[in-house]
Amino acid sequence: MSQYLPPQTEKLQEKIKHIVVLMLENRSFDNLLGWLYDEEKPPNSQYFEGLNDDLWNPLDNIDSNGMPFVEKVPIQKNGVKKSKYGKTESVPVDYCFPDPDPGEGFKDTNHQLFSEYNVGALYPPQPINMGFVQNYQNAMLYGAYSFGDSPSNPRDIMKCFTPEQTPVLSSLAKNFAVCDHYHCSIPSQTLPNRSFVHAATSGGNVNNSPNSFTDSKTIYNQIQDAIDGGRNDLSWGVFSSNMMPTSYYKKQKDKPGETKDDHFSLTRLCMTQLHDPKYDDNFGTIDDFKQKCADGTLPSYSFLEPCYGGEDQNDQHPPADIRPGEQLMADLYNAVKTSKSFENTLFIITYDEHGGCYDHVPPPGEAKNPDPNNQPGQDGFLFNRFGVRVPCILINPYITQGLIARPKGYVPFDHTSIIKTVQECFKLEGHLTARDEAAPSFSAVLTEASPRTSFPEVTPQKWNTKIDVDHENDLHRVMGKMVNKLTGDSNDSGDKHHLEHLQESYSKHFIHRNKEHLTK
């Protein structure tokens, strides 16, 4: 089978009626899938861009005599410790690394890729991915928030999970398609990358702050335009896990005759063109999505969000345990697999950005700036480089088992490939920006002439770790500021960013406000 797959647009339009996307948080490709084919050859005579024992990163160190030297920190398997003499020994498997959370902003990512915080905008050098260990140490010792309070071993950033430790993601990768050259859209943080998967632009934003909202037209608006124009075959929905139970929600759910509105949507929060109350019915819970799978009423396009915080956190954002996220993947895969529409559903599992986790493949340049005037964005970034590789798994009966999916041509898969696939599949007119116009779609992965009938069972690992509900990452703090801005809450103190306040403020702004709007 070819390493680079040609598009099959007609087959996409003929066979696929539903596209489902689950986007998790802050993990690089190597961190979760780098060892996928460590001791075996991939099927279908294809090459897999995975890890090998020769990979390393430098770390500035001082020997016992006080002399500085550069230490070569080798790649590691989680659960295995290497001695300086090359011997290995088993150590306890850690499902909650890296801890603390690595640096993930634009300048930290520059340092991870180029070993420099400031990189030329117009003519950047070639990335070499040799700054991850040093950057992690710098972030822990000198970074923002609480990094300096509890530094750990910076070498842990070179530690990556094995397939046995990620049984759901790895099993799906080996039984359907894995994209080993799928990159997040920009070399930076969560919100601008999530904006790219929704709108093929971040509106000039490069970091999560100071501006966290994106005002651009989304793929959901593009679908809605087609619906409003007479396309009664289309629909869309965004389905979210509840952030955490709160006193506000408990009061609302106890009211007679009130519906259960226990979901928080980061998609709706950050994309302002989705704030209108007329879109209320397009937002639901993960349970709503599962019910639609069972009923055979899946929307044309469904976007799924994990739980970002609280006791039920399953987004896999470091340093959260990854196993609840594996359970979420398994639950959703089983819901889609047993639905009446599995044969006609393309299920995509991916991650918004690398979150500072190690990856050895240099991101390509030659990305299209979504700004029509090629204007630079925050920090002077021209959006001319892709971000770090992140996992992307494609699931459908028409996909050859063990497929390694790379598109034919010079443009890699990135988040806007999801938009391009939606546009092609449902024959939507036009594009959102130059980025999705240039992106390859996932039509190439439909390689089987007829649908397969045998599919894997997936079993996530059990866990007994408890989520630290008081732990707040950068995303939690930014979301708190966003809801404060929407609600007009001028109190910007730390306690206003706790998850319960975030959930309650979101509820009052979107759900309570929108109900008032509808009753007028």
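Summary table below
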{"read-out": "Residues of region 166-224 classified as hydroxyl-bearing (Ser, Thr, Tyr) and assigned to a helix (DSSP H, G or I), total", "value": "5"}
{"read-out": "Out of 53, 99, 108, sole residue that is part of a loop (DSSP other than H, G, I, E, B), open to solvent by 20 Å² or more (accessible area, probe 1.4 Å), touching a residue at least 60 places away in the same chain (Cβ under 8 Å) and in contact with a Pro (Cβ under 8 Å, 6 or more places away or on another chain)", "value": "99"}
{"read-out": "Any pair with Cβ under 6 angstrom, 6 or more apart, that starts in region 441-452 at a residue that is assigned to a loop (DSSP other than H, G, I, E, B) and ends at one that is among the aromatic types (Phe, Trp, Tyr)", "value": "446/398; 448/398; 451/398"}
{"read-out": "Residue match in region 231-241 (condition: open to solvent by less than 10 Å² (accessible area, probe 1.4 Å), under 23 Å from residue 5 (Cβ atoms), outside any loop (DSSP other than H, G, I, E, B) and touching a His at 6+ places or on another chain (Cβ under 9 Å))", "value": "no"}
{"read-out": "Failed condition for residue 481, given (1) in contact (Cβ under 8 Å) with a residue 60 or more places away in the chain; (2) farther than 25 Å from residue 265 by Cα; (3) of a type in the set (Lys, Arg)", "value": "(2)"}
{"read-out": "Count of residues meeting criterion [of a type outside the set (Val, Ile, Thr), in contact with a strand residue (DSSP E or B) (Cβ under 8 Å, 6 or more places away or on another chain) and assigned to a loop (DSSP other than H, G, I, E, B)] in region 358-371", "value": "5"}
{"read-out": "Test for residue 317: is it of a type outside the set (Val, Ile, Thr) and over 19 Å from the mean Cα position of the chain (by Cα)", "value": "no"}
{"read-out": "Failed criterion for residue 319 (all others in (1) closer than 26 Å to residue 15 by Cβ; (2) modelled with pLDDT under 95 hold)", "value": "(1)"}
{"read-out": "Test: residue in region 67-77 that is within 27 Å of residue 185 (Cα to Cα) and part of a helix (DSSP H, G or I)", "value": "no"}
{"read-out": "Residue match in region 22-45 (condition: part of a strand (DSSP E or B), open to solvent by less than 90 Å² (accessible area, probe 1.4 Å) and among the aromatic types (Phe, Trp, Tyr))", "value": "no"}
{"read-out": "Top-ranked residue in region 399-413 [being open to solvent by less than 10 Å² (accessible area, probe 1.4 Å) and assigned to a loop (DSSP other than H, G, I, E, B); ranked as nearest to residue 40 (Cα to Cα)]", "value": "402"}
{"read-out": "Meets criteria (at pLDDT 95 or above, out of contact with any helix residue (DSSP H, G or I) (no Cβ under 7 Å at 6 or more places or on another chain), crowded, with 21+ Cβ neighbours inside 10 Å and not hydrophobic (A, V, I, L, M, F, W, C)) for residue 268", "value": "no"}
{"read-out": "Residues of region 284-305 that turn out to be of a type outside the set (Ser, Thr, Tyr) and buried (at least 23 other Cβ atoms within 10 Å of the Cβ), as a count", "value": "5"}
{"read-out": "Pairs with Cβ under 9 Å, 6+ apart, first in region 372-394 and part of a loop (DSSP other than H, G, I, E, B), second of a type in the set (Asp, Glu) and open to solvent by less than 10 Å² (accessible area, probe 1.4 Å)", "value": "386/414; 387/353; 387/414; 388/353; 388/359; 390/352; 390/353; 390/359"}
{"read-out": "Residues satisfying the stated conditions in region 61-90, i.e. within 22 Å of residue 463 (Cβ to Cβ), under 29 Å from the mean Cα position of the chain (by Cα) and not basic (Lys, Arg)", "value": "76, 78, 79, 80"}
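Yes or no, residue by residue, for (1) open to solvent by 40 Å² or more (accessible area, probe 1.4 Å); (2) among the charged types (D, E, K, R):
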residue	(1), (2)
344	yes, no
364	yes, no
376	yes, no
389	no, yes
392	no, no
415	no, no
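The values are calculated or read from the model by the stated rules, or taken from the named source; none is laboratory data. No experiment lies behind these values; they were computed from the predicted model shown. Neighbour counts run over all protein chains shown; Cβ positions are idealised from the backbone, glycine included. We work out accessible area using only protein heavy atoms, side chains counted, and drop any ligands, DNA or RNA first. Shrake-Rupley method; radii C 1.70, N 1.55, O 1.52, S 1.80 Å.
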